[in-house]
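Novice: Can you read through this structure? Questions will come right after.
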Amino acid sequence: MVSLKEENICKEAKMLLENMTLEEKIGQLVQYGRLKEAELQKLEAGKIGSFLNVAGADKVNKLQEKAMKSKNPIPLIIGDDVIHGYKTIFPIPLGESCSWDLKLIEETSEIAAEEASTEGINCIFAPMIDITRDPRWGRVAEGTGEDVFLASQIARAKIRGIQSNKWNDRPYVTACPKHFIAYGAAEGGRDYSAVDVSERCLRETYLPPFTAALDEGAYTIMCSFNDLNGIPSSANKFILRKILRQELGFEGLVISDWESIEELIYHGIAKDKKEASLKSIEAGVDIDMHSGSYEEHIHALIDEGKLDKELLDEAVLRILKVKIALNLFNNTYTDTSLSKKVIRSTKNVEKALEAARKSIVLLKNKDCLLPLNKNIKSIGVIGPLAEDKVNPLGCWALKGEPKQVTTVLEGIKHKLKSETAVYYEKGCNINSDLEGGIDRALELAKKVEKVVLVLGESSDMSGENHNRAYIGIPEAQKKLLKALHSENIPVVLVLMNGRPLTLTWEEENIPAIIEAWHLGDESGNAIADVIFGDYNPSGKLTMSFPRCEGQIPVYYNKKNTGRPNFKKYLDVEETPLYPFGYGLSYTQFNYKNIKLSSKKIKQDEKLTITAEIENVGKIAGDEIVQLYIRDMVASITRPIKELKGFKRVHLDPGECKEIKFEITAKELGFYDEYFNFVVEKGDFKVWIGPNSIQGLKENFEVI
Ligand code: BGC
């Protein structure tokens with residue numbers, strides 16, 4: 001993608017601006033998410049610069065045509081929430097992050113953007129790169145978990161994918177990383193709640209994924225709904241002007257979240273939409289998503305001398321530059337025949353299967369109950385999600401179609417020979433009992449050789465403002481699970497959900513647990529592949545699973561405290577049930593021979609750390625090898641572990657590979673007391689291991 005700093009782009013944008021009336025300039029800041037007669041008329045008069053929630057090449061072309069027929073023709077930005085696939089639905093982002101496979105993530109993002117582009121969309125409201133440590137928050141499903149390093153790498157991969165733009169016959173697509181910033185720190189996991197985080201926490205935890213996304217070339221960014229330390233993001237000059245523009249040098253455009261400008265009134269920092277508009281535009285929000293505030297009030301604010309014209313011009317210039325860079329002026333329209341060729345092509349659906357398989361995390365497999373043998377004579381598939389085609393799509397699968405989803409029941413049937421008896425019983429609903437359901441499930445379970453139970457959350461139990469205070473398996477389903485357990489039936493538990501769940505009872509009592517998230521179109525096929533061993537599970541958790549809600553937040557990279565050995569709760573362990581980075585395989589990996597290129601490095605030197613990983617089991621598998629460090633003594637307290645590298649490696653049985661990581665001293669740095677980035681001398685620990693709590697350890701010193 002071309003840089004927005006390019007001279008040609010700046011020149012062209014300035015020329016356009018010079019010929020625009022005040023009304024036309026304001027129009028560029030206006031975005032609507034509805035399309036009624038009023039909007040169409042405004043469009044013809046040059047009073048709307050972008051839309052969202054409008055798709056289809058034909059429909060969008062007609063809108064573009066209207067925009068281009070106005071006195072001063074400027075094409076439209078067409079935004080859309082393409083969160084985990086457009087019409088080919090991939091796993092929810094939290095699930096896909098468990099693949100730790102950056103190439104795959106880039107590819108699925110590219111497919112999503114390519115499909116969307118054939119329907120006239122040129123701005124994708126993704127990736128969501130809000131770090132979060134609270135699984136009660138419904139939007140954990142849309143993100144990449146709790147870790148800063150991993151989220152930053154994934155942010156880069158997603159921006160590369162979304163903006164790969166390998167065509168010349170239609171508008172390009174820009175990513176719109178969101179939500180700037182610290183939205184994932186909502187109090188109590190309650191969406192839209194206030195966020196109060198220190199500047200250190202903001203810079204160390206919430207900012208890095210955005211820095212990475214902008215460094216990768218995203219043209220747009222969306223600010224968040226939340227109040228941040230007393231000033232909602234949509235009016236927050238410190239984050240939008242100082243950090244984003246001055247420090248990060250962002251040249252692209254900032255778009256508000258849905259009606260977040262008007263919401264400044266309800267936050268209590270603006271008395272009306274006019275004051276809200278002034279605060280937002282002064283803070284640097286360029287586009288008003290759907291609230292109508294800018295449209296109604298910017299003109300008057302300028303006439304009354306309250307708003308500096310320069311600020312308006314700057315905002316319009318940024319929007320024009322993005323439109324030029326997206327090639328919208330030369331390639332305004334989209335060929336209506338394209339979507340048929342691109343959308344849900346065989347290659348895209350195959351990628352969805354690969355992504356679904358790699359997102360699955362095997363949480364428990366007592367006595368190698370899994371994989372099941374395909375030669376079994378009978379199997380019972382039980383549970384409210386076993387035959388479900390809607391919920392596996394997950395939240396924000398706006399254009400997903402249930403008919404494209406393979407259920408677990410179908411996936412299992414495809415796998416087995418026709419003579420195998422496959423029985424199904426729902427047992428209960430997702431959130432309520434089903435009369436006689438448990439009895440029928442028990443009867444079925446007793447007559448079959450193996451039982452697969454598919455439980456979890458519906459897709460609307462996560463996502464925007466779909467928070468939960470209790471994050472266990474819903475009660476009705478738990479009853480079913482306990483009923484099967486009380487009859488000593490060994491169950492393979494498959495979980496579909498949009499967040500980490502509390503699974504303490506399940507871990508103690510159920511022999512095999514597969515975390516399958518909401519995996520999208522290929523859910524059933526991928527899960528059946530894992531159940532019968534056609535795919536050896538390789539995913540690793542990107543968010544810690546708490547033992548109970550009272551432990552939240554629980555995350556691996558916490559601080560040591562002055563009393564690390566004191567018991568933190570009287571009634572529960574401090575550690576999570578399943579830690580960050582955890583996941584099992586059907587084979588076993590042995591870690592040995594950790595080596596450092598040197599025990600001492602200078603502040604401008606590199607350190608090479610190697611270890612050997614051997615597949616000591618009987619089948620081939622992928623292992624996600626993780627590198628963690630700890631700065632032992634620094635001028636600022638540092639986390640007890642920080643992820644600094646990872647590699648996915650394939651190993652045949654008996655195969656042993658040396659895995660090499662390189663870290664520069666710069667990667668060991670942090671912000672000092674005065675927020676200068678420093679690399680301090682001193683002792684470090686380093687681990688190479690299979691998750692955040694195990695691993696081979698070594699020491700080195702920065703001199
Ligand atoms: C969400 C954004 C989304 C926007 C447009 C808002 O409610 O917070 O993530 O992009 O709606 O649909």
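The values are calculated or read from the model by the stated rules, or taken from the named source; none is laboratory data. Predicted model, so just to flag it, every value in this text is computed and none were measured. Neighbour counts run over all protein chains shown; Cβ positions are idealised from the backbone, glycine included.
Novice: Name the residue, out of Arg241, Arg156, Arg170, that is more than 16 Å from the ligand (Cβ to nearest atom), among the basic types (Lys, Arg) and either in a loop (DSSP other than H, G, I, E, B) or in the same structural domain as Leu519 (by TED's automatic domain parsing) (or both).
Specialist: Details: Arg241 fails: either in a loop (DSSP other than H, G, I, E, B) or in the same structural domain as Leu519 (by TED's automatic domain parsing) (or both); Arg156 fails: either in a loop (DSSP other than H, G, I, E, B) or in the same structural domain as Leu519 (by TED's automatic domain parsing) (or both).
After applying the criteria, what remains is Arg170.
Novice: Considering each residue of the range 139-153, count those that are at negative phi, more than 16 Å from the ligand (Cβ to nearest atom) and either of a type in the set (Gly, Ala, Ser) or not in a loop (DSSP other than H, G, I, E, B) (or both), and give that number.
Specialist: Step one: of the range 139-153, the residues at negative phi are 139-144, 146-153.
This time we only want the ones that are more than 16 Å from the ligand (Cβ to nearest atom), so: 146-153.
Now drop any that are not either of a type in the set (Gly, Ala, Ser) or not in a loop (DSSP other than H, G, I, E, B) (or both), which leaves 148-153.
Residues meeting the conditions: 6.
Novice: Can you tell me which of (1) assigned to a helix (DSSP H, G or I); (2) touching a residue at least 12 places away in the same chain (Cβ under 8 Å); (3) surrounded by fewer than 24 Cβ atoms within 10 Å (Cβ to Cβ) is the one Asn525 doesn't meet?
Specialist: (3)
Novice: In the range 258-274, which residues are within 16 Å of the ligand (Cβ to nearest atom) and farther than 16 Å from Val195 by Cα? Steps first, please.
Specialist: Within the range 258-274, the first condition is being within 16 Å of the ligand (Cβ to nearest atom), and the residues that meet it are 258-264, 266-267.
Of everything in the range 258-274, those that are within 16 Å of the ligand (Cβ to nearest atom) and farther than 16 Å from Val195 by Cα turn out to be Trp258, Glu259, Ile261, Glu262.
Novice: Those residues that are farther than 10 Å from Gly284 by Cβ, among the charged types (D, E, K, R) and more than 16 Å from the ligand (Cβ to nearest atom), I need them from the range 219-238; list them, please.
Specialist: Correct list: empty.
Novice: Looking at (1) touching a residue at least 12 places away in the same chain (Cβ under 8 Å); (2) within 16 Å of the ligand (Cβ to nearest atom); (3) not β-branched (Val, Ile, Thr), can you tell me which one Arg200 breaks?
Specialist: Result: Arg200 passes all but (2).
Residues are listed down the side, and each one gets a yes or a no for (1) of a type outside the set (Phe, Trp, Tyr); (2) away from the ligand (no atom under 16 Å from the Cβ); (3) assigned by TED's automatic domain parsing to the domain that holds Val30; (4) farther than 28 Å from Thr334 by Cα:
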site: His84; (1), (2), (3), (4): yes, no, yes, no
site: Cys98; (1), (2), (3), (4): yes, yes, yes, yes
site: Asp101; (1), (2), (3), (4): yes, yes, yes, yes
site: Leu104; (1), (2), (3), (4): yes, yes, yes, no
site: Glu115; (1), (2), (3), (4): yes, yes, yes, no
site: Gly120; (1), (2), (3), (4): yes, yes, yes, no
site: Asp134; (1), (2), (3), (4): yes, yes, yes, yes
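Novice: Okay, moving on. Hey, any hits in the range 221-232 for a residue that's aliphatic (A, V, I, L, M), in the same structural domain as Leu326 (by TED's automatic domain parsing), buried (at least 21 other Cβ atoms within 10 Å of the Cβ) and without any contact (Cβ under 8 Å) to a residue 60 or more places away in the chain? It would help to see each step written out before you state the result.
Specialist: The initial filter retains those residues of the range 221-232 that are aliphatic (A, V, I, L, M), namely 221-222, 228, 231.
Checking the rest, the ones that are also in the same structural domain as Leu326 (by TED's automatic domain parsing) come to 221-222, 228, 231.
Restricting the remaining residues to those that are buried (at least 21 other Cβ atoms within 10 Å of the Cβ) gives 221-222, 228.
Now restrict to residues that are without any contact (Cβ under 8 Å) to a residue 60 or more places away in the chain: 221, 228.
There is at least one residue in the range 221-232 that is aliphatic (A, V, I, L, M), in the same structural domain as Leu326 (by TED's automatic domain parsing), buried (at least 21 other Cβ atoms within 10 Å of the Cβ) and without any contact (Cβ under 8 Å) to a residue 60 or more places away in the chain.
Novice: Let me ask you something else. Identify, from the list Asn72, Asn53, the residue that is surrounded by fewer than 20 Cβ atoms within 10 Å (Cβ to Cβ) and within 16 Å of the ligand (Cβ to nearest atom).
Specialist: Details: Asn72 fails: within 16 Å of the ligand (Cβ to nearest atom).
Going through Asn72, Asn53 in turn, the sole match is Asn53.
Novice: Quick one: would you say Ala397 is of a type outside the set (Val, Ile, Thr), part of a helix (DSSP H, G or I) and either modelled with pLDDT of 95 or more or buried (at least 24 other Cβ atoms within 10 Å of the Cβ) (or both)? Step through it out loud before you land on a result.
Specialist: Working: of a type outside the set (Val, Ile, Thr): yes; part of a helix (DSSP H, G or I): no; either modelled with pLDDT of 95 or more or buried (at least 24 other Cβ atoms within 10 Å of the Cβ) (or both): yes.
The answer is no for Ala397.
Novice: If Ile111 satisfies all but one of (1) in a helix (DSSP H, G or I); (2) within 14 Å of the ligand (Cβ to nearest atom); (3) β-branched (Val, Ile, Thr), what's the number of the condition it fails?
Specialist: Going through the list (1) in a helix (DSSP H, G or I); (2) within 14 Å of the ligand (Cβ to nearest atom); (3) β-branched (Val, Ile, Thr), Ile111 breaks only (2).
Novice: Still on this structure: Which count do you get for residues in the range 179-191 that are touching a strand residue (DSSP E or B) at 6+ places or on another chain (Cβ under 9 Å) and either within 14 Å of the ligand (Cβ to nearest atom) or in a loop (DSSP other than H, G, I, E, B) (or both)?
Specialist: Taking the range 179-191 as the starting set, the residues that turn out to be touching a strand residue (DSSP E or B) at 6+ places or on another chain (Cβ under 9 Å) are 179-187.
Filter once more, so that each one left must be either within 14 Å of the ligand (Cβ to nearest atom) or in a loop (DSSP other than H, G, I, E, B) (or both): 179-184, 186.
Of the residues in the range 179-191, 7 are touching a strand residue (DSSP E or B) at 6+ places or on another chain (Cβ under 9 Å) and either within 14 Å of the ligand (Cβ to nearest atom) or in a loop (DSSP other than H, G, I, E, B) (or both).
Novice: Hey, among Lys25, Lys11, which residue is assigned by TED's automatic domain parsing to the domain that holds Leu311 and free of Cβ contacts under 8 Å to residues at least 24 places away in the same chain?
Specialist: Numbers: Lys25 fails: free of Cβ contacts under 8 Å to residues at least 24 places away in the same chain.
Just a single option satisfies the conditions, and that option is Lys11.
Novice: Turning to a different aspect of this structure: Could you tell me whether Gly550 is surrounded by fewer than 24 Cβ atoms within 10 Å (Cβ to Cβ), free of Cβ contacts under 8 Å to residues at least 24 places away in the same chain and under 21 Å from Glu457 (Cα atoms)? Let's see the steps before the verdict.
Specialist: Values: surrounded by fewer than 24 Cβ atoms within 10 Å (Cβ to Cβ): yes; free of Cβ contacts under 8 Å to residues at least 24 places away in the same chain: yes; under 21 Å from Glu457 (Cα atoms): yes.
Taking the combined requirement at face value, the residue satisfies it.
This table checks each residue for (1) without any contact (Cβ under 8 Å) to a residue 60 or more places away in the chain; (2) within 30 Å of Asn8 (Cβ to Cβ).
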position: Glu275; (1), (2): yes, no
position: Lys279; (1), (2): yes, no
position: Ser293; (1), (2): yes, no
position: Leu320; (1), (2): no, yes
position: Ala356; (1), (2): no, no
position: Ile360; (1), (2): no, no
position: Asn365; (1), (2): no, no
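Novice: Cβ-Cβ under 8 Å, sequence separation 6+ or interchain: first residue in the range 136-155 and touching a residue at least 40 places away in the same chain (Cβ under 8 Å) and closer than 18 Å to Arg203 by Cβ, partner part of a helix (DSSP H, G or I) and within 16 Å of the ligand (Cβ to nearest atom). Which pairs?
Specialist: Val148/Pro209; Ala151/Pro209; Ser152/Pro209; Ala155/Pro209; Ala155/Phe210; Ala155/Ala213
Novice: Also, quick follow-up: Quick one: which of Gly436, Gly427 is assigned by TED's automatic domain parsing to the domain that holds Lys389, of a type in the set (Gly, Ala, Ser) and surrounded by fewer than 18 Cβ atoms within 10 Å (Cβ to Cβ)?
Specialist: Just one listed residue meets the conditions, Gly436.
Novice: Quick one: Ser260 ticks every box in (1) more than 26 Å from Lys242 (Cβ to Cβ); (2) touching a helix residue (DSSP H, G or I) at 6+ places or on another chain (Cβ under 6 Å); (3) assigned to a loop (DSSP other than H, G, I, E, B) except a single one, so which number is it?
Specialist: With (1) more than 26 Å from Lys242 (Cβ to Cβ); (2) touching a helix residue (DSSP H, G or I) at 6+ places or on another chain (Cβ under 6 Å); (3) assigned to a loop (DSSP other than H, G, I, E, B) applied to Ser260, the lone miss is (1).
Novice: For Val492, indicate whether it is assigned to a strand (DSSP E or B) and either within 25 Å of Pro402 (Cβ to Cβ) or touching a strand residue (DSSP E or B) at 6+ places or on another chain (Cβ under 6 Å) (or both). Give the steps one after another, and end with the answer.
Specialist: Details: assigned to a strand (DSSP E or B): yes; either within 25 Å of Pro402 (Cβ to Cβ) or touching a strand residue (DSSP E or B) at 6+ places or on another chain (Cβ under 6 Å) (or both): yes.
So Val492 fits the description; yes.
Novice: Then there's this: Are any of the residues in the range 443-452 of a type in the set (Asp, Glu), crowded, with 24+ Cβ neighbours inside 10 Å and part of a loop (DSSP other than H, G, I, E, B)? Please lay out each step first, then the result.
Specialist: Step one: filter the range 443-452 for residues of a type in the set (Asp, Glu), giving 443, 449.
Pick out the ones that are also crowded, with 24+ Cβ neighbours inside 10 Å and you get none.
Taking every residue of the range 443-452 in turn, none turns out to be of a type in the set (Asp, Glu), crowded, with 24+ Cβ neighbours inside 10 Å and part of a loop (DSSP other than H, G, I, E, B).
Novice: Go through (1) in a helix (DSSP H, G or I); (2) more than 16 Å from the ligand (Cβ to nearest atom) one by one and return the number of the condition Phe210 breaks.
Specialist: Result: Phe210 fails condition (2) only.
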